[in-house]
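Quick notes on the structure that follows.
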């Protein structure tokens, strides 16, 4: 980390060599008040309009200072720019240059001026793609770090909002900010998170979820540790609940820790609609999660182990439908679920030009043809359709994957012992989900233990909790303070 | 690491599933019939046919097989017989969905306890199936009859049982476990509805019989049969059964016809009613006091009565009350004298509500029952319903 | 995992007791009740409820003393190492019997009703795997999952009660007390021995681990009363829907009564799903007893590392399955043991030990007061 050389020419040569003589490095030499001044900038990262309009125009005026005065200090206080930093180490100069700053070097001085002239290389504020509301603000985070911070500040114009910033990644050097509201969040957790981020040793990080993975200890669960969202209004409401947000440069979404089971049952639109309709929506969501987990398992259990549970009128109909099918029930169920998952995955990845043919093939394969050919029974198609449709009610990818995993385990349990297997696996499921801790706060903190004040609030929505967020204040504090296991 | 262990264990158990049975490995039994011939059980099972006809989508047209199949075997225990059926049937019998069991008169006379242990003990069978006794005919013939309106005969018989008990009143459906409970309870004896077969059962087995408008073979529900301990001792006819059902509160709605002048009948329909039974002790002898109150509705008046005035309605009401009282008294007398079996539960009432007296007379209840006295008080109100005000025959006279 | 600062709430503490108290009801206690008092079973339960408040009071007295220690440390503290060890070993033996009996009851239920051809050992391993998993995760997981399972329990219990209300026949409950009150009293004492030991297992959780621990007393007494009321409701429904004679015939009368649920012609045959009601109880009771034994081994052998703890838990589970196969090897023998031996070993031993501990605490407190005064 060597210091800046007083000699301008040597300095400029050194910077050029260190960067490997890139073709987009621009060096402009000027003479200001009798001293040689060099302006360096990287064309692909900096905005030439700003450089021309402000810096060069100012420097082209006749600046006359007295001989003994410090030209650098004069320029530092007078250049018409709002962000001007004095740098004295070469590595910092290079970092600033690569971040889009303009460097002003004056012959004979050991300091350089870095002026912020970043070009806007990102998209504008667009609509949220994955988390839509029918009637509500639809703006989403973009890849620009400052715009993201601004979107949150716009909604929380309070001095309690605290931001701590650091840089992560040896080669990427992306900026990371940890935000929280001072009066509701737990400061110790925020500090621990910040320190751990500072200690990350990796080349590049693209995604705030990667940061959360790297700083948390137990990653053996299938349910996610953090809530990732691209909507600023949702992020704001999470911050108000006492949680901590992690914003990363170049990522159009932010991660909020700790996660709670409520987040996967809720949608931000619940807070905009009326209380009764939100409660009904939440109940439907809760029921559909249960349906999507249990339907294939209950079907397999009822038709292979516990035949007494089927209503008598349906029994003959099921038996008739199965009479031509070569597979056993379990194989059929696994096959249909796999086909649906493949269909969903290809639908997510395929380019638009193929999607039409995909729909046709999907409808044909899973519809009439398979049933008529006698490969699957019609009731199995219905069961897997119900499963897939109710599974789509959750849009958060990690949770969908978690549910998929558990659905498979339930199916295996049902295939091995019928209803007893389903009961055993549901005990396992409950024990697993209640033992997840995300940053010291238990995952199931709203349901078990139930929040004081309103029993129904996790499943339904109560009037108090819709507006009064202080009921959630203690929900996100870690349950075991003073322990290292987070 | 723990999770891997758990997964490993569950995967291990998938490989050797002991209780796994596919749906189409089962022969679904809709009903059984039990008969005892020469100390051997003769069981016939009615199996629902779940074969797919041709390809899917064209199942109803051109189907060639009957909707039910009947197998008949005999051995010395019921469970053995059911297993023996696999020597003929391609699938193992599954009795978890039995809706009704038909018992022959002979088997019921020998004793109900002989035939009930297997069905009670087996974990697969549901104990709520209904029982029916078939009189005078071989009982397995009743299983093979095809029905016009329902795919499965047994469903037809069940529906007929339910409807007859709701609308006509001479039978009351009784479940297997209810009958066993009655048998175990102190002080009440059980009853089972019975039926006979009319027509030619051989014709009824053929599929062509459903293509003719008049059913060739039918199962007709006749009334209730009386048990003592667990043996069948006799049958009640229509009217006595209706009286019994009235007394026990099993009737839901029935028509009571009675004569309102020398030639013509009038009918009233019972809407709802309540029966109160009390037993009082007079001179150390029990006296049964029965009080019936309820609402009825005039259904058909074929006499010349003016229903608009109070006297007309009172006249009909009194006749109706008399008729109901007669039905119940006949029923009690008949049972008392001919059968001597306390199916009304008088002794059970004493056991429950007057324990000390019951302890005294417990041993000699049979003689007491034969001479028991009773008083019946019937009080029905006539609700004013019906589309016409006056009776048809009364209109002409009014002019 | 293994963190010492876990906190469970007082409500969860009481819920564990509530769910474990009713664990031996189905199949064991209900059959005993019906056999001994027939149609007066509900009176037996009411009397048992009132009489049982005394042992619960003693247990709460023991819990409230020295809130930092669990019962093993308390006994060692009060009685010194030698006698303390003997008493601890007796209590461990009692807990082992509770664990094995619950396991047997659960396996029996599953075997008779659902999986008749699967070997019993396989079913035992299946259930034990779940219990081992939740015990390994720690007491916090047991407490939270018991709270979640409580909500499931409430929903199913309310559903069953309301679905069966139409079938109640109050006449089945007469005659009342035909033979006087002495068989009822005998029955209620023996019935209590099936319920109280599960509450004794709660003492393994030191009071300091419970948040808002001023409410423990209120919640535990509520939990006990409600647990007995649930059992009362259950036996009441069984006797009045089906009649005492027929209910006496069956080994699992509640399962049989649930077969009678018949709503709208379609919702029937739900007894397979609804019997999870009783399986929840047995599962929680097994979890807490396994936790008790594992805590004792941790104390005695000073186990600190996680791996050794996990291995010890799995070893205890394997021993339990082996002992169950050895002693409860058929249902006939099992029923005999549970009827004749279990109340005396478990119930009487628990009562005696709890009484001894309470008396010693009382004298200790008295001598401390005298010391402070003088």
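The values are calculated or read from the model by the stated rules, or taken from the named source; none is laboratory data. Remember, it's a predicted structure, so these values are computed and weren't measured experimentally. Counting neighbours? That spans all protein chains shown, and the Cβs are built from the backbone with ideal geometry, glycine included.
The set of residues in the stretch B:127-172 being within 14 Å of chain C (Cβ to nearest Cβ) and either farther than 18 Å from residue B:192 by Cα or part of a helix (DSSP H, G or I) (or both) consists of B:155, B:158, B:159, B:162. Would you confirm whether any residue within the stretch A:451-463 is within 14 Å of chain C (Cβ to nearest Cβ), at pLDDT 75 or above, crowded, with 18+ Cβ neighbours inside 10 Å and not in a helix (DSSP H, G or I)? No, the stretch A:451-463 has no match at all. Scan the stretch B:35-52 and give yes if some residue there is at the interface with another protein chain (Cβ under 9 Å from one of its Cβ atoms), out of contact with any strand residue (DSSP E or B) (no Cβ under 9 Å at 6 or more places or on another chain) and either at pLDDT below 90 or within 30 Å of residue B:135 (Cβ to Cβ) (or both), otherwise no. Scanning the stretch B:35-52 turns up at least one residue that is at the interface with another protein chain (Cβ under 9 Å from one of its Cβ atoms), out of contact with any strand residue (DSSP E or B) (no Cβ under 9 Å at 6 or more places or on another chain) and either at pLDDT below 90 or within 30 Å of residue B:135 (Cβ to Cβ) (or both). Only one entry in C:70, C:76, C:88 is without any contact (Cβ under 8 Å) to a residue 40 or more places away in the chain, in contact with a helix residue (DSSP H, G or I) (Cβ under 6 Å, 6 or more places away or on another chain) and under 20 Å from residue C:291 (Cα atoms), namely C:76. Any residue at all in the stretch C:236-247 that is in contact with a helix residue (DSSP H, G or I) (Cβ under 6 Å, 6 or more places away or on another chain), more than 30 Å from residue C:147 (Cβ to Cβ), within 10 Å of another protein chain (Cβ to nearest Cβ) and part of a loop (DSSP other than H, G, I, E, B)? Looking through the stretch C:236-247, at least one residue is in contact with a helix residue (DSSP H, G or I) (Cβ under 6 Å, 6 or more places away or on another chain), more than 30 Å from residue C:147 (Cβ to Cβ), within 10 Å of another protein chain (Cβ to nearest Cβ) and part of a loop (DSSP other than H, G, I, E, B). If the condition is being farther than 18 Å from residue A:159 by Cα, modelled with pLDDT of 85 or more, assigned to a helix (DSSP H, G or I) and in contact with a strand residue (DSSP E or B) (Cβ under 8 Å, 6 or more places away or on another chain), then the stretch A:233-263 contributes no residue at all. Does residue A:268 meet the test of being crowded, with 23+ Cβ neighbours inside 10 Å, under 24 Å from the mean Cα position of the chain (by Cα) and more than 14 Å from chain B (Cβ to nearest Cβ)? When the stated conditions are applied, residue A:268 does not pass them. The residues in the stretch A:413-448 that are in a helix (DSSP H, G or I) and facing chain C (nearest Cβ under 10 Å) can be counted, and the count is 20.
Here residue A:353 passes the criteria (1) within 11 Å of chain B (Cβ to nearest Cβ); (2) loosely packed, with under 12 Cβ neighbours inside 10 Å except the one numbered (1).
Scanning the stretch B:265-288 for residues that are at negative phi and exposed (fewer than 15 other Cβ atoms within 10 Å of the Cβ) turns up B:265, B:272, B:274, B:276, B:278, B:280, B:281, B:282, B:285, B:287. For the stretch A:303-314, the set of residues classified as touching a residue at least 12 places away in the same chain (Cβ under 8 Å), surrounded by 21 or more Cβ atoms within 10 Å (Cβ to Cβ) and under 29 Å from residue B:159 (Cα atoms) consists of A:303, A:306, listed by residue number. Every test in (1) within 14 Å of chain B (Cβ to nearest Cβ); (2) loosely packed, with under 13 Cβ neighbours inside 10 Å; (3) touching a residue at least 40 places away in the same chain (Cβ under 8 Å) is passed by residue A:372 save one, and that test is (3). Only one of the listed residues (C:260, C:215) is outside any helix (DSSP H, G or I), in contact with a helix residue (DSSP H, G or I) (Cβ under 8 Å, 6 or more places away or on another chain) and surrounded by fewer than 23 Cβ atoms within 10 Å (Cβ to Cβ). That residue is C:260.
Here the condition is being surrounded by 16 or more Cβ atoms within 10 Å (Cβ to Cβ), over 30 Å from residue A:170 (Cα atoms) and over 34 Å from the mean Cα position of the chain (by Cα); of A:30, A:56, A:40, A:71, it holds for A:71 alone.
Screening residue A:70 on (1) farther than 25 Å from residue A:57 by Cα; (2) in the same structural domain as residue A:38 (by TED's automatic domain parsing); (3) without any contact (Cβ under 8 Å) to a residue 40 or more places away in the chain shows it passes everything except condition (1). Against the conditions (1) within 24 Å of residue B:162 (Cα to Cα); (2) in the same structural domain as residue B:368 (by TED's automatic domain parsing), residue B:223 satisfies every one except (2). Residues in the stretch C:80-100: is at least one crowded, with 18+ Cβ neighbours inside 10 Å, closer than 14 Å to residue C:278 by Cα and more than 8 Å from chain A (Cβ to nearest Cβ)? No, every residue in the stretch C:80-100 fails to be crowded, with 18+ Cβ neighbours inside 10 Å, closer than 14 Å to residue C:278 by Cα and more than 8 Å from chain A (Cβ to nearest Cβ). Only residues that are within 23 Å of the chain's Cα centre (by Cα) and over 15 Å from residue C:361 (Cβ atoms) were counted in the stretch C:73-100, giving 13. Residues of the stretch C:165-202 that are in a helix (DSSP H, G or I) and within 14 Å of chain B (Cβ to nearest Cβ): C:167, C:170, C:171, C:172, C:173. One residue alone among C:101, C:130, C:135 is in a helix (DSSP H, G or I), touching a residue at least 12 places away in the same chain (Cβ under 8 Å) and under 24 Å from residue C:341 (Cα atoms), and that residue is C:101.
Do the conditions hold for residue C:289, that is, is it within 15 Å of residue C:110 (Cβ to Cβ) and touching a helix residue (DSSP H, G or I) at 6+ places or on another chain (Cβ under 7 Å)? When the stated conditions are applied, residue C:289 does not pass them. Among the residues in the stretch B:175-185, are any more than 14 Å from every other protein chain (Cβ to nearest Cβ) and either surrounded by fewer than 19 Cβ atoms within 10 Å (Cβ to Cβ) or assigned to a loop (DSSP other than H, G, I, E, B) (or both)? Within the stretch B:175-185 (the criterion being more than 14 Å from every other protein chain (Cβ to nearest Cβ) and either surrounded by fewer than 19 Cβ atoms within 10 Å (Cβ to Cβ) or assigned to a loop (DSSP other than H, G, I, E, B) (or both)), the answer is no, since none of the residues qualifies.
Of the residues making up the stretch C:112-121, not a single one is more than 8 Å from chain A (Cβ to nearest Cβ) and within 20 Å of the chain's Cα centre (by Cα).
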